[in-house]
Ligand code: ME8
């Protein structure tokens, strides 16, 4: 018989920067659920990926002197390598630059246009370039961007619009008919309020940048992020292509996970697009809370708090980080991340509670029975009490996992762990081990502990897959006894189980030393995880260049084209500083030139080198000037 399917997704992350702990939160949660559902016997499809188009990506690529595709390829690799370090078991990884996706987005756009759901109009408003967003007069904050407080400019552009406003009533009806559609409950109420305050039609194309999927029948437009991004959930499964078996098999998705700031796009725009395409809607949109850092922001800015998931995994292991994220912050709510809280969880929950239980049990089986428990056992009332409460807690755990209450499900497991530790204190196996006539009782106590560990290892496996395996190795349990169904029956572990003590599961961390070490990590280590040596720096050739000519590049609002005297010849360099300089301002100035940069083509012009500039916290860019008395070509060292 075909297995029941379960399709779960994370948002596709913007390829405009590298992942931090916040991104790992949704992905770990989705991974935990995917692993749990696989364990329950579902045919799971777990999708994650990258959102790679848009103006910000285009700009960041330019800033890094890379072609956009090269830039997003690198970022996608960084995300993938973090997912691999964190044990993320995704089934598919979609990138919006995948050819199949782009073709399918074009089909979707055309279909909506042909059905009259998309029409051509004019987009007007105050535009903030870094935020890629238009604002109305009322939305501006003292005439500036309400989000980043930078200057905005009035823009009008021809654009295509999706008739979102026509869907207000249908959406509200749908929410009423399917009360589980938006979860948690509070987010649904926000959506209803939002729709009732009036839905505008949605701008779905842009002409102001190029890095996107071209509108198939009007190529000066590219599709604007949300149609491109949201449709990943169906294009990844082959919608719009000949190879659409997975789409037929898995769609509609069982749940889309995301943080609360993008619930609106998933609960309003996405269902409306699907309705317009005559496709079924996902079964649930789940908007979890934010991982906040000590200053209450979504990204940690302070130095002492290390939030690079790669560094955290390296120092503490992926399972510890996964456990922390799922345990510390009840899913659906905001919660704080700090290195101190993480280390506390590792020391108390993992090293003390779980780690000790495993090592005490395995050590005693080794010590008293040379690693192999004899068959004879004697039960006592304490044992039945332990086993029946464990069986109850398994049920409670299952229902909580099914409703994404990961933290609370883990609390149930930790209740089992603390009951086992208490059982050790009460049965005092070290006393039983002293006299021969108590050996039978000792066997029973240790058997029960091994059996409990078998169950615990299965319950923690969605969250801590590696440590779960390590426990299973220590208690010598076979594969058929670590299935989901097997843990619902007590006493399956064969009597002559062989246990052996392994490496410490979670070494204790000295809080003070660790926090000091973290605080002393250089910002380079924190951001990029590695220092560069002097030999790397020496590869960069910096010279003084004199600007001879400067003119705007016709095809671009951002780029200036320079002719620069480098002491030997006059070379062309293109730089993205048009917003900050009048072309005539820089003529005759001595600047710092990276002279051995591989030439790249920007807007059709080959640029040979890079002009160094600095950017302040407001995003204002100034070129770094070199001493006027220096000859062009002088080495900077
Ligand atoms: O919004 N706490 O991409 P994005 C919790 N491309 N979750 C966090 C987080 C934090 N501090 N920081 C990031 C986009 N996240 C779009 C999505 S989907 C069709 C397109 C997670 O890179 C969380 O899931 O800004 C959040 O919704 C997502 O990353 C935002 O990722």
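The values are calculated or read from the model by the stated rules, or taken from the named source; none is laboratory data. Given the structure is predicted, the values throughout are model-derived calculations rather than measurements. Note that we place each Cβ from the backbone using ideal geometry, even for glycine, and neighbour counts take in every protein chain shown.
Look at the range 244-259: where a residue is free of Cβ contacts under 8 Å to residues at least 24 places away in the same chain and a partner is within 15 Å of the ligand (Cβ to nearest atom) and outside any helix (DSSP H, G or I), sitting 6+ places away or on another chain with Cβ atoms under 9 Å, you get 244/237; 245/237; 247/236; 247/237; 247/239; 248/237. Among residues of the range 219-237 being away from the ligand (no atom under 12 Å from the Cβ) and part of a loop (DSSP other than H, G, I, E, B), the one that is surrounded by the fewest Cβ atoms within 10 Å (Cβ to Cβ) is 219. Return the residues of the range 1-21 that are within 14 Å of the ligand (Cβ to nearest atom) and out of contact with any strand residue (DSSP E or B) (no Cβ under 8 Å at 6 or more places or on another chain); say none if nothing qualifies. Answer for the range 1-21, where residues must be within 14 Å of the ligand (Cβ to nearest atom) and out of contact with any strand residue (DSSP E or B) (no Cβ under 8 Å at 6 or more places or on another chain): 16, 17, 18, 20.
Restricting attention to the range 274-297 and to residues that are within 21 Å of residue 189 (Cα to Cα) and within 14 Å of the ligand (Cβ to nearest atom), the residue that is surrounded by the most Cβ atoms within 10 Å (Cβ to Cβ) turns out to be 285.
Can you spot a residue in the range 531-541 that is closer than 22 Å to residue 629 by Cβ and either modelled with pLDDT of 80 or more or not in a loop (DSSP other than H, G, I, E, B) (or both)? Scanning the range 531-541 turns up at least one residue that is closer than 22 Å to residue 629 by Cβ and either modelled with pLDDT of 80 or more or not in a loop (DSSP other than H, G, I, E, B) (or both). For residue 549, the conditions (1) surrounded by fewer than 16 Cβ atoms within 10 Å (Cβ to Cβ); (2) in a strand (DSSP E or B); (3) within 37 Å of the chain's Cα centre (by Cα); (4) at pLDDT 90 or above all hold with the exception of (3). Checked against the criterion of being within 16 Å of the ligand (Cβ to nearest atom) and at pLDDT below 95, the range 22-45 has at least one qualifying residue.
Would it be correct to say that residue 47 is in contact (Cβ under 8 Å) with a residue 60 or more places away in the chain and within 24 Å of residue 247 (Cβ to Cβ)? Outline the logic, then answer.
Numbers: in contact (Cβ under 8 Å) with a residue 60 or more places away in the chain: yes; within 24 Å of residue 247 (Cβ to Cβ): yes.
Yes.
Looking at the range 93-167, the strands (runs of 3 or more DSSP E) lying wholly inside it that each contain 1 or more residues that are over 30 Å from the mean Cα position of the chain (by Cα) and surrounded by 14 or more Cβ atoms within 10 Å (Cβ to Cβ) sit at 118-128, 153-162. Each residue in the range 192-218 was checked for being over 21 Å from residue 558 (Cα atoms) and out of contact with any strand residue (DSSP E or B) (no Cβ under 6 Å at 6 or more places or on another chain), and 12 pass.
Do you know which of the residues in the range 238-258 that are under 28 Å from residue 55 (Cβ atoms) and surrounded by 19 or more Cβ atoms within 10 Å (Cβ to Cβ) is farthest from the ligand (Cβ to nearest atom)? Checked the range 238-258; the qualifying residue farthest from the ligand (Cβ to nearest atom) is 240.
Tell me, which residue of the range 582-614 that is in a strand (DSSP E or B) and loosely packed, with under 13 Cβ neighbours inside 10 Å is nearest to the chain's Cα centre (by Cα)? Among them, the one singled out is 614.
Yes/no per residue for (1) in contact with a helix residue (DSSP H, G or I) (Cβ under 6 Å, 6 or more places away or on another chain); (2) crowded, with 16+ Cβ neighbours inside 10 Å; (3) on the phi < 0 side of the Ramachandran plot:
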residue: 332; (1), (2), (3): no, yes, no
residue: 354; (1), (2), (3): yes, yes, yes
residue: 395; (1), (2), (3): no, no, yes
residue: 428; (1), (2), (3): no, no, no
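Residue 63 falls short on exactly one of the conditions (1) more than 16 Å from the ligand (Cβ to nearest atom); (2) at pLDDT 95 or above, and that condition is (2). Flag not set for residue 320, criterion: in contact with a strand residue (DSSP E or B) (Cβ under 8 Å, 6 or more places away or on another chain) and either within 15 Å of the ligand (Cβ to nearest atom) or in contact (Cβ under 8 Å) with a residue 60 or more places away in the chain (or both).
The rows are residues; the columns are (1) crowded, with 23+ Cβ neighbours inside 10 Å; (2) closer than 29 Å to residue 128 by Cβ.
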residue: 15; (1), (2): yes, yes
residue: 18; (1), (2): no, yes
residue: 24; (1), (2): yes, yes
residue: 34; (1), (2): yes, no
residue: 41; (1), (2): no, no
residue: 52; (1), (2): yes, yes
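Condition check for residue 315 on (1) more than 12 Å from the ligand (Cβ to nearest atom); (2) surrounded by fewer than 23 Cβ atoms within 10 Å (Cβ to Cβ); (3) within 19 Å of the chain's Cα centre (by Cα); (4) over 30 Å from residue 99 (Cβ atoms): one failure, at (3). Residue 193 passes every criterion in (1) free of Cβ contacts under 8 Å to residues at least 60 places away in the same chain; (2) within 14 Å of the ligand (Cβ to nearest atom) apart from (2).
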